[in-house]
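The block underneath contains the structure these notes are about, expressed in structure tokens.
The values are calculated or read from the model by the stated rules, or taken from the named source; none is laboratory data. Note that the structure is predicted; figures quoted are calculated from it, not measured. Here the Cβ is made from the backbone with ideal geometry for all residues, glycine too, and neighbour counts use every protein chain on show.
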Amino acid sequence: RQAHIGVTGLAVMGRNLARNLARRGHTVAVHNRTSARTRELVSRFGDEGDFVACTSPRELVEALQRPRRLVVMVKAGAATDAVLEEFAPLLEPGDVVMDGGNAHFEDTRRREAALRERGLHFAGCGISGGEEGALHGPSIMPGGSAESYRALGPLLESIAASVDGEPCCAHLGPDGAGHFVKMVHNGIEYSDMQLIAESCDLLRRVAGYEPARIAEVFREWNAGRLDSYLIEITAEVLAHPDAATGRPFVDVVADAAEQKGTGRWTVQTALDLGVPVPGIGEAVFARSLSGHGRLRAAARGLPGPARPVLHPDDAARFAGNVESALYASKIVAYAQGWQLLAAGSAAFGWDLDLGKVAAIWRDGCIIRARFLDDIRAAYQDAAQAPVTLLADPTFAEALHAAQNPWRHVVAQATELGVPAPGFSSALSYYDALRAERLPAALVQGLRDYFGAHTYERVDRKGTFHTRWGGDRGEEPA
Ligand code: 2AM
């Protein structure tokens, strides 16, 4: 019997994706380097659908209908290259290979070009939603040729999450578009989590709330405009007591955040493309800082302000202000993410539909949120797309309304010595973009002074240099 699709790499993501496909009625050929995993999948979950267990790459390839659809779910990096090298000679022109791992989009571009040379379609696909998502409905971000999507799209759409019958899966563009979009998703996820963490810290250290009380606050927030998966699980984690000690779980977890690198990739890419994403940068650096135990120990005794906890009457008002600050900062974080999406699309010629990205992130992925409906609406009409989300009427209005509480929270955090890099960076971004004049003019002056780097003027066209070391007259450069 010929399988509709094959999956190689049956660690938990690959296994769950294969199960999801089988549960949707597709015949799935499965393979893993170590065949124990293949056997385990079939023995434990074989009754969920139609699996064809394969013990070698050749057997897997031979089990597939043509054109073949092969999903690679191995570790990103060298393992992906090794597996592609192993399978490519067994495949035939027109076959489609999908990489559902967390590949860097530049690797995907390189692999796509190499496999295209050999007549194969290579579709780099971002998948978000973790293990549960892979099993029950992830958000899927496919890149690759239009032909690859014709072959894969219907299967992927059948297993993706959906909103009002619309799948959270859509063809995004050629070569690395899918993995790029996934990378930006993760960068935004970093930002979002940092802002949430700062909110909790402020509620605890300024408002004096205990974790269980903060969990309540988050549950309330989740019923409003902040409604999202991350807010929902924040309440869950905060309310969870540690089994061993009975203390709040968040108090027994070491406060050193780890990262697998996609946030770092996002910032590196943004630097390369010249797109300011300070919110994502702050989030990456905040995690990095948290892990520097020696550095933190060396500075721990440094003086800070006396930290009075607010009176309960003021605490409730402050909590409301934090909600506004979180919402406003979140708008800024997403605005920066979308800026990067637009820049990547322009730089690599992807013609990315920025509204579609919002649409497929509405469910299945980690940053799923009600809020994404508004972003989708902002980009509904490509011809009238805002230059920045901040200028979209809906968001501009929200920022206007949130502005005072947002400033208040940042000021309060600063005065009381509670770090809030996400909130304050977001506010600075907002204030910098709306500024009439920026001190960049002085920076230009300094550059011209020490390095004759020249400058432009506001009143005349051209490039100029001032003879700083001489008569200080100005000359055209
Ligand atoms: P394994 O079970 O044989 O280790 C996550 O590590 C998944 O990637 C696993 O299914 C693992 O297979 C697979 N994997 C890692 N490196 C691989 C390689 N070089 N070739 C094939 N599969 C690999």
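Taken over the stretch 261-317, the criterion of being of a type in the set (Gly, Ala, Ser) and surrounded by 12 or more Cβ atoms within 10 Å (Cβ to Cβ) is satisfied by Gly261, Gly263, Ala270, Gly279, Gly281, Ala283, Ala286, Ser288, Ser290, Gly291, Ala315, Ala316. Across the stretch 1-12, the number of residues qualifying as within 16 Å of the ligand (Cβ to nearest atom) and part of a loop (DSSP other than H, G, I, E, B) comes to 3.
Of all residues in the stretch 141-191, how many are assigned to a helix (DSSP H, G or I) and not hydrophobic (A, V, I, L, M, F, W, C)? Walk me through how you get there before you give the answer.
First, the residues of the stretch 141-191 that are assigned to a helix (DSSP H, G or I): 146-159, 177-191.
Narrowing the set further to residues that are not hydrophobic (A, V, I, L, M, F, W, C) leaves 147-150, 153-154, 157-158, 178-179, 182, 185-187, 189-191.
Of the residues in that region, 17 qualify.
Scanning the stretch 73-93 for residues that are touching a Gly at 6+ places or on another chain (Cβ under 9 Å) and buried (at least 21 other Cβ atoms within 10 Å of the Cβ) yields a count of 5. Figure legend. Inter-residue proximity from the stretch 301-313: first residues touching a residue at least 12 places away in the same chain (Cβ under 8 Å), second residues among the aromatic types (Phe, Trp, Tyr) and in a helix (DSSP H, G or I), beta-carbon distance below 8 Å, spacing 6+ or different chains. Indicated pairs: Leu310/Phe318.
Kindly check whether there is at least one residue in the stretch 120-140 that is of a type in the set (A, V, I, L, M, F, W, C), part of a helix (DSSP H, G or I), surrounded by 20 or more Cβ atoms within 10 Å (Cβ to Cβ) and touching a Phe, Trp or Tyr at 6+ places or on another chain (Cβ under 8 Å). Scanning the stretch 120-140 turns up no residue that is of a type in the set (A, V, I, L, M, F, W, C), part of a helix (DSSP H, G or I), surrounded by 20 or more Cβ atoms within 10 Å (Cβ to Cβ) and touching a Phe, Trp or Tyr at 6+ places or on another chain (Cβ under 8 Å).
Residue by residue, here is whether (1) closer than 30 Å to Ala377 by Cα; (2) among the aliphatic types (A, V, I, L, M); (3) exposed (fewer than 15 other Cβ atoms within 10 Å of the Cβ) holds:
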residue	(1), (2), (3)
Leu389	yes, yes, no
Phe395	yes, no, no
Ala440	no, yes, yes
Asp471	no, no, yes
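Being out of contact with any Asp or Glu (no Cβ under 7 Å at 6 or more places or on another chain), away from the ligand (no atom under 15 Å from the Cβ) and among the aromatic types (Phe, Trp, Tyr), is that true of even one residue in the stretch 78-93? So far as the stretch 78-93 goes, no, none of its residues is out of contact with any Asp or Glu (no Cβ under 7 Å at 6 or more places or on another chain), away from the ligand (no atom under 15 Å from the Cβ) and among the aromatic types (Phe, Trp, Tyr). Checking each residue in the stretch 94-106 for being within 15 Å of the ligand (Cβ to nearest atom) and either over 14 Å from Val7 (Cα atoms) or surrounded by fewer than 22 Cβ atoms within 10 Å (Cβ to Cβ) (or both) picks out Asn102, Ala103. Restricting attention to the stretch 13-27 and to residues that are away from the ligand (no atom under 15 Å from the Cβ) and of a type outside the set (Gly, Ala, Ser), the residue that is surrounded by the most Cβ atoms within 10 Å (Cβ to Cβ) turns out to be Leu21. When you check Pro419 against the structure, is it within 30 Å of Arg205 (Cβ to Cβ), of a type outside the set (Lys, Arg), at pLDDT 95 or above and in a loop (DSSP other than H, G, I, E, B), yes or no? Here the answer is yes, as Pro419 does meet what is asked. Of everything listed in (1) closer than 17 Å to Asn32 by Cβ; (2) within 16 Å of the ligand (Cβ to nearest atom), the single unmet condition for Ala63 is (2).
Within the set Ala328, Ala306, Ala319, the sole residue that is aliphatic (A, V, I, L, M) and not in a helix (DSSP H, G or I) turns out to be Ala306.
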